[in-house]
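> Below is a structure I'd like to ask you about.
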Amino acid sequence: MNTIQKELIKATVPILKSNGNDLIAYFYQRMLKNNPELKNIFNMANQASGKQQNALTGAVLAYAENIENPSVLINVLKSIGNKHVSLNIAPEQYDIVGSHLIGSIKEVLGDLATVELIEAWTCAYQELAQIMIGLEAEMYQKASNKKGGWKGWRNFIISKIVEESDEIKSFYLKPEDNKDIADFYPGQYISVSTFIPELGHKQPRQYSLSSASNNEFYRISVKKEKGINSTPNGIVSNTLHNKKEGDSIEVSAPAGVFYADPDSKTPLVLVSGGVGITPMMSMIETNKNSLQKNRTVWIHSCRNENVHAFKETIQELNDENTWLTSFVFYETLPESETNAIEGRVNLLEIKEEILIKDAKYYICGPALFIKVQYQSLVELGVNKENILYEEFGPQLLSLN
């Protein structure tokens, strides 16, 4: 891109800030109408809620604002690349997206979309697409070369289903071909894809792996999302909860940038809310199996004990291991005796327990939960570089 084109891109930042969501919403409608096969890839629930549009608007805006030096976005791009690889996104699909994005800019901006502006955005998109295609090619290669690794979708059998709470079930997945499976870092996720009769096509979802890496199976623990008011039931989670042992689903290789290094001796502070417990279970089980058994403090919050997954497992680990200290917060305490604390997590009140030298802090849960805990840690003086978080769904938070 030349200097003039970069200035044209930066000049569209105010338009993106004021009308970006309208543009992106139009883009998605245009693309999915003309390329309905992409409905197998895009999360249609996030389309309906507007979350996907908001996420892409934020990404396009960030790219426009940093057009002089897009390398500052490399960590964000790697996170997006991991998601794309888990969905088996191919280079030719970037051409489809680019065509509809540029077409949408022309049609939505009308007379404001000068030839020069369209050329600038075409060039900008092509440069971004090449960055992403290059990143993802490396990721595909690495995944394929790993022992037990593969590219794209692979059939797995649900070998066992365990009810972990009133709303969370664990699914143990074994490869249909009985061949090796790839190992993973604690905190990473897999994508699963299954046919949704109500939609007439497949839908993919990412689920954190909830066990330590092993040679036999992957475990995901899925919350059955129930609709509230105008929000519909989670269509994929409900479909999965209706699955039986022996059923088959498609699975992509483990991916993700949110994980704890199993070889590190750094202390861990885990802060989870609701189903955000799942990647933390992987971290805890991995630490249990390691030689160094890093000092770990785990703070978990949920509505009540009935929805608290892995409750007994965590209690046993806490009772039997000196390296683990756990705190549980329930919004509503049970009538029976419990060690849980009533209310929501307030890290400022337990700062003596969590302020550990050189610790890494991992947060996972709903977006508002993450934001509150992140701000509390910063207020307590924790270096932002030592705080990592995983937001389920489209990445809308940008806290670091």
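> Can you list the chymotrypsin sites (Phe, Trp or Tyr not before Pro) in the range 22-105 that are in a DSSP coil and have 16 or fewer other beta carbons within 10 angstrom?
Those that pass, being in a loop and sparsely packed, are PHE42.
> Here's a follow-up. With r defined as the distance between the Cβ atoms of LEU348 and LYS10 and R0 fixed at 56 Å, what FRET efficiency is calculated, to the nearest 0.05?
0.90
> If you line up the long axis of helix 51-65 against the longest principal axis of the chain, both from Cα atoms, how many degrees apart are they, to the nearest 10?
Taking Cα atoms only, the helix is inclined about 60 degrees.
> Could you give the dipole magnitude of the chain about its Cα centre, charging the beta-carbon of Lys and Arg +1 and that of Asp and Glu -1, in debye to the nearest 20?
520
> Now for a different question. At 7 Å along Cα-to-Cβ for each site, give me the label-to-label distance between ALA48 and LEU368 in nm.
The modelled label-to-label distance comes out at 2.2 nm.
> Could you check what % of the DSSP bridge pairs in the chain are antiparallel, to the nearest 5?
Of the beta bridges lying entirely in the chain, close to 55 percent run antiparallel.
> Enumerate the amide H contacts of GLY365 below 5 Å, restricted to partners 5 or more residues apart or on another chain; note that Pro and chain-start residues carry no placed amide H.
Excluding prolines and chain starts, which carry no amide H, the hits are GLY273, GLU390, PHE392.
> If you don't mind, there's one more thing I want to ask. What is the P(r) of the range 269-400, as percent of Cα-Cα pairs per 5 Å bin from 0?
It works out to 2, 10, 21, 24, 22, 14, 6, 1, 0, in whole percents.
> Could you tell me which of rounded, prolate or oblate describes the range 3-145, using a ≥ b ≥ c as the square roots of the eigenvalues of the alpha-carbon gyration tensor, with rounded for a/c under 1.5 and, failing that, prolate when a/b is larger than b/c and oblate otherwise?
Note, shape of the range 3-145 comes out oblate.
> Sum -39500 (n - 2.57) across every DSSP H segment of at least 4 residues in the chain, then divide by the residue count to get the 222 nm mean residue ellipticity, nearest 500.
-13000 deg cm²/dmol
> Now for a different question. Taking all pairs of different Cα atoms in the range 154-251, averaging 1/r and flipping that mean, what Kirkwood radius in angstroms comes out?
Radius from the Kirkwood sum: 14.0 Å.
> Where Lys and Arg each count +1 and Asp and Glu each count -1, what net charge lies around LEU240 among other residues with Cβ under 9 Å from its Cβ?
Neighbourhood net charge equals +4.
> Within the chain, what is the longest stretch that has no GluC sites (Glu not before Pro) placed in a DSSP loop and near at most 14 other beta-carbon atoms within 10 Å?
Maximal segment without exposed cleavage sites: 69-175.
> Would you kindly state how much longer the chain becomes between ASN321 and ASN66 on full extension, computed as 0.36 nm times their sequence separation minus their alpha carbon distance, in nm to one decimal?
87.1 nm
> Then there is this: Could you sort out which of LYS311/LYS357; LYS160/LYS360; LYS179/LYS311; LYS224/LYS311; LYS169/LYS311 sit more than 22 Å apart by Cα distance in this structure?
Over 22 Å Cα-Cα: LYS311/LYS357; LYS160/LYS360; LYS179/LYS311.
> Please give the helix 74-86 orientation as an angle from the longest Cα principal axis of the chain, in degrees from 0 to 90, rounded to the nearest 10.
80
> Additional query: As I understand it, the value is the acute angle between the Cα axis of helix 13-34 and the longest principal axis of the Cα atoms of the chain; what does it come to in degrees, rounded to 10?
Between helix and principal axis, roughly 90 degrees.
> Quick one: what Rg and Dmax do you get for the chain from the alpha carbons, in Å?
So, for the chain, Rg and Dmax equal 22.1, 71 Å respectively.
> Just subtract the alpha-carbon distance of GLU198 and ASN242 from 0.36 nm times their residue separation and send over the number in nm, one decimal.
14.5 nm
> Among CYS302, CYS364, CYS123, which one moves the most in a GNM of the chain with springs linking Cα atoms closer than 10 Å?
CYS123
Read-outs: derived from the displayed coordinates by stated rules, not from any lab. Bear in mind that the values here come from a model prediction, so they are computed numbers and not experimental data. Please note: Cβ atoms are built from the backbone with ideal geometry, for glycine as well, and neighbour counts cover all protein chains shown.
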